[in-house]
């Protein structure tokens, strides 16, 4: 179980999902960089689906960086905790904003792990029915996930919203909406 090949793959997955920003961000674009984050999921047999706009959408470097870091957090959770066999990454333009959704068919968060927070719901997007904003506990002792909490704080500071919908039978979907105005 602790063969050198497996340990090397785990170390590579940690490095890739944990890297602050890839060196080739401008060459690959936002979608290409996020796609690199899905490599560890694919290696473990998870099917990764992409849905992106068919037109170019110009976004600032700070917005792209925030969406990239948000993708890191959500894909890292899918890789380490969800045991998903299917993950969908969706980038879409919304009225005066851009939205990133990462949905998986994994184990979801345990009941009570996702708690209602005081999300801001502006013109860029709002939480849908059954969604919970901001606060999520990790599966370890009911503590809140520092990754999700930090991500949500950064998104809110940028004027955006985070919505989390989770069900143990259908998985978790995290939706991040950032205004472009």
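For every residue, the table says whether it meets (1) more than 18 Å from the chain's Cα centre (by Cα); (2) on the phi > 0 side of the Ramachandran plot; (3) assigned to a strand (DSSP E or B); (4) modelled with pLDDT under 55.
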site: 45; (1), (2), (3), (4): yes, yes, no, no
site: 48; (1), (2), (3), (4): no, no, yes, no
site: 66; (1), (2), (3), (4): no, no, no, no
site: 101; (1), (2), (3), (4): no, no, yes, no
site: 112; (1), (2), (3), (4): yes, yes, no, yes
site: 124; (1), (2), (3), (4): no, no, no, yes
Among the residues listed as 7, 16, the single one being assigned to a helix (DSSP H, G or I) and either in contact with a helix residue (DSSP H, G or I) (Cβ under 8 Å, 6 or more places away or on another chain) or at pLDDT 85 or above (or both) | 16
Within segment 152-172, track down each residue that is surrounded by fewer than 23 Cβ atoms within 10 Å (Cβ to Cβ) and in a helix (DSSP H, G or I).
-> 153, 154, 156, 157
Is it the case that residue 78 is surrounded by 15 or more Cβ atoms within 10 Å (Cβ to Cβ), modelled with pLDDT under 90, within 13 Å of the chain's Cα centre (by Cα) and under 20 Å from residue 155 (Cα atoms)?
-> yes
Apart from one, (1) within 20 Å of residue 81 (Cα to Cα); (2) assigned to a loop (DSSP other than H, G, I, E, B); (3) modelled with pLDDT of 50 or more all hold for residue 142; the odd one out is (3)
What is the one condition in (1) surrounded by fewer than 18 Cβ atoms within 10 Å (Cβ to Cβ); (2) in contact (Cβ under 8 Å) with a residue 40 or more places away in the chain; (3) in contact with a strand residue (DSSP E or B) (Cβ under 7 Å, 6 or more places away or on another chain) that residue 45 does not satisfy?
-> (3)
Of the residues that make up segment 86-97, is at least one surrounded by 21 or more Cβ atoms within 10 Å (Cβ to Cβ), modelled with pLDDT under 70 and part of a strand (DSSP E or B)?
-> no
Just to be sure, is residue 28 in contact with a helix residue (DSSP H, G or I) (Cβ under 9 Å, 6 or more places away or on another chain), modelled with pLDDT of 75 or more and not in a strand (DSSP E or B)?
-> yes
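The values are calculated or read from the model by the stated rules, or taken from the named source; none is laboratory data. All values reported here derive from a predicted model rather than from experimental measurement. Cβ atoms come from the backbone with ideal geometry, glycine included; neighbour counts cover every protein chain shown.
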